[in-house]
Amino acid sequence: MVTATRSLGRTDIKITPIGLGCMQFAGAGLIARLFYAPLEQPVVTEIVDAALRAGTGWFDTAEMYGRGRSERALTTALRDLGVAPGEVPIATKWSPGLRTAGSIVRTIDDRLAALQGYPIDLHQIHLPHGSFSSLTAQLKAMARLAREHKINSIGVSNFSARQLELAHSVLSQENLVLASNQVQINLLHRNIEKNGVLDVARRHGITLIAYSPLRSGLLTGRFHDQHDRSALLPFRRLVGGFDTRTLRRTAPLIKELERIGLAHGASASQVALAWLITFYGDTVVAIPGASKPSQATQAAEAMSLELSADELTRLDQLSRSAEA
């Protein structure tokens with residue numbers, strides 16, 4: 001399958017509008033267990049295979065996801081599937097918690113080792129807080145890695161508009177570009193439109209990578225159809241806000257997602273993803289996770305779903321009413 005690509009920010013790296021988020025590959029670590037049941041390597045390989053076959057063209061992982069287990073599981077799958085290093089872009093992240101900027105340089109070999117010979121196309125600062133060093137120092141450490149050709153581009157995650165401006169300015173002084181900012185964006189979480197992040201991203205050509213594009217599964221509609229499912233994985237339910245009031249408030253939006261999906265032969269989640277990667281133009285891409293091959297396939301297939309202007313507008317309006 002041939003899928004249209006977009007530039008990652010103002011770099012020459014090409015990515016598909018939908019990538020695969022790989023937190024669920026973290027194994028039995030604490031963070032992974034809060035959101036996902038552990039996956040064995042054969043299942044991980046099946047998920048990656050399904051994503052690739054359906055047109056997904058890049059993958060997002062992180063040091064924090066199992067202390068390298070997600071990175072190793074992903075690249076083990078790619079290697080077993082015959083995907084050569086450099087054939088598909090891989091993004092990972094450095095965790096700043098209780099570390100200095102020097103850790104970015106000192107731990108790069110650990111990241112490369114966990115990726116087992118696959119290059120780091122995008123290296124991201126996972127959070128704007130938690131480090132003993134300033135953001136400026138962290139960004140300059142990233143710039144050093146880029147100059148040494150240990151990473152191909154630089155991104156950030158969860159940065160505010162002010163922090164995004166700072167990152168852009170620091171890297172510009174290093175004759176480098178800021179490729180991306182990874183933040184939560186979905187039909188029930190559109191803060192980027194109010195807090196200045198979208199404006200800054202568009203002004204500087206920064207790609208916004210939407211994590212939790214289905215609001216932890218709330219936009220799939222399955223929690224509305226079977227309320228007992230909201231009792232599963234309590235932490236994920238808490239983060240997603242799966243209480244009775246939220247389910248009631250978001251029901252009209254879910255019904256419209258299902259109605260539009262029926263007209264297109266698609267699922268509610270596919271419509272939600274198609275809206276996300278269309279409504280904001282080329283600025284926003286999405287990285288849904290998948291714990292089953294079928295979920296990876298469905299997510300990738302959303303890239304070929306074309307919504308009409310009227311459908312985009314109706315979802316926009318219902319979304320604003322449904323936002324918390």
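The values are calculated or read from the model by the stated rules, or taken from the named source; none is laboratory data. None of the values given here were measured: they were computed from a predicted structure. Heads up, the Cβs are rebuilt from the backbone with ideal geometry, glycines too, and the neighbour counts pull from every protein chain shown.
Beta carbons closer than 7 Å, at least 6 apart along the sequence or on distinct chains, never pair a first residue in region 25-50 that is over 21 Å from V83 (Cβ atoms) and at pLDDT 95 or above with a second that is charged (D, E, K, R) and part of a helix (DSSP H, G or I).
A quick yes/no check of all residues on (1) touching a helix residue (DSSP H, G or I) at 6+ places or on another chain (Cβ under 8 Å); (2) within 21 Å of N181 (Cβ to Cβ); (3) of a type in the set (G, A, S):
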site: K14; (1), (2), (3): no, yes, no
site: G57; (1), (2), (3): no, yes, yes
site: M64; (1), (2), (3): yes, yes, no
site: V83; (1), (2), (3): yes, no, no
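Screening the candidates R147, R106 for the property of being under 26 Å from T76 (Cα atoms) and basic (K, R) yields one hit, R106. Mind listing whichever residues of region 193-226 are over 15 Å from the mean Cα position of the chain (by Cα) and either under 16 Å from E323 (Cα atoms) or at pLDDT below 95 (or both)? Hits for region 193-226 are E193, K194, N195, L218, L219, T220, G221, R222, F223, H224, D225, Q226. Any residue in region 274-282 that is free of Cβ contacts under 8 Å to residues at least 60 places away in the same chain, in contact with a helix residue (DSSP H, G or I) (Cβ under 8 Å, 6 or more places away or on another chain) and buried (at least 24 other Cβ atoms within 10 Å of the Cβ)? Yes, region 274-282 has at least one match. Mind checking which pairs have a first residue in region 309-324 that is closer than 15 Å to L214 by Cα and in contact (Cβ under 8 Å) with a residue 40 or more places away in the chain and a second that is aliphatic (A, V, I, L, M) and part of a helix (DSSP H, G or I), Cβ under 7 Å, 6 or more apart or different chains? Partner pairs satisfying both residue conditions: S319/L253; A322/L253. Restricting attention to region 1-24, the residues being at pLDDT 95 or above, polar (S, T, N, Q) and outside any strand (DSSP E or B) number 4.
Within this structure, A114 passes the test of being more than 19 Å from the chain's Cα centre (by Cα), of a type in the set (A, V, I, L, M, F, W, C) and surrounded by 21 or more Cβ atoms within 10 Å (Cβ to Cβ).
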